[in-house]
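Worksheet: the structure to be examined is printed underneath.
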Amino acid sequence: MMARPERQPSKEPTIPAAARPAYDAIVGLTDAFCREHLTEEYEAMCRRLAGVLARKRPSPLVGGKPETWACEIVRTIGWVNYLDDRGSEPHLKLTAIDRAFGVAESTGQGKSKAIRTMLKIRQFDHHWTLPSRMEDSPMVWMIEVNGFALDARRLRREIQEEAFRKGLIPYIPGERSDAEE
């Protein structure tokens, strides 16, 4: 009996067939935008968000223009990561994203808010923070213990492990491998 080749994990998320055409069109736009104006990290995070939206049932991506969805995805990831903060690198105003995709500013703000509400995305959300910014983002590490807001990086190991199990922190400090970044 011949051994099967080991399956390599794919970086591409599984996308339902009904949402695949919309996903492909949207990701084509977000990839191009991120390559021109942002970074590979933004590109990967935008792909991830598009994948999450494509897998929602029913997928909201199948309705509306791909340019609008691409704009809102980039805008949402930019919002979480303070892309419009002059001190951030890269730096880009969120309204510039709207203009680049040909989307009205009010639509940009409203649809981005709808994505954030639908997926419960908040600023400093470690699920959507760029990996390169995770360590330096103090709010990612703030958890409440007995009514006090504390930096999880400074707590005992067992508290860190519990916070990680509950999804409150992105990883256990000191255990992040370079492959995860």
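What number, in percent, do you get for the relative contact order of the chain if the mean sequence gap of Cα pairs under 8 Å and at least 6 apart is divided by its residue count?
Details: 186 pairs, mean separation 26.8, N = 181.
Result for the chain is 15 percent.
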If you put +1 on each Lys and Arg Cβ and -1 on each Asp and Glu Cβ, how big is the dipole of the range 66-181 around its Cα centre, in Debye rounded to 20?
360
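Express the accessible area of the range 42-165 per residue in Å², computed with a 1.4 Å probe while the remaining protein chains stay in the model.
Numbers: 6670 Å² over 124 residues.
Per-residue value: 54 Å².
For the range 78-119, run through the chymotrypsin sites (Phe, Trp or Tyr not before Pro) and keep only the ones in DSSP coil with at most 11 other Cβ atoms within 10 Å of their Cβ.
Working: sites: Trp79, Tyr82, Phe101; in loops: Tyr82.
Loop-located and lightly packed - none at all.
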In deg cm²/dmol and to the nearest 500, what is the mean residue ellipticity at 222 nm of the chain if only DSSP H runs of at least 4 residues count, each as -39500 (n - 2.57), divided by the residue total?
-14500 deg cm²/dmol
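Extension gain Ser106-Ala44, at 0.36 nm per residue separation less the Cα-Cα distance, in nm? Could the numbers behind the result be given before it?
Details: separation 62, 0.36 × 62 = 22.32 nm, distance 2.60 nm.
Contour length minus the Cα-Cα distance gives 19.7 nm.
So for the chain, considering every pair of alpha-carbon atoms, how many percent are separated by more than 31 Å?
Working: 3993 of 16290 pairs.
The proportion of pairs with Cα distances above 31 Å equals 25 percent.
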Quantify, in whole percent, the carbon and sulfur part of the accessible surface of the range 36-159 (1.4 Å probe; protein heavy atoms only).
51
1/(1 + (r/R0)^6) with r = Cβ-Cβ of Arg57 and Arg35, R0 = 30 Å, i.e. FRET efficiency to nearest 0.05, evaluates to 0.45
Ranking Pro131, Leu29, Ala152 by how far each Cα lies towards the positive end of the charge dipole of the chain (+1 on Lys and Arg Cβ, -1 on Asp and Glu Cβ), the top one is Leu29
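The values are calculated or read from the model by the stated rules, or taken from the named source; none is laboratory data. Fair warning: this is a prediction, and the values are worked out from it, not measured in the lab. For neighbour counting, all protein chains shown are included, and Cβ atoms are generated from backbone atoms with ideal geometry for every residue, glycine included. Quick note on the areas: whole protein, heavy atoms, side chains included, nothing else; ligands and nucleic acids left out. Shrake-Rupley method; radii C 1.70, N 1.55, O 1.52, S 1.80 Å.
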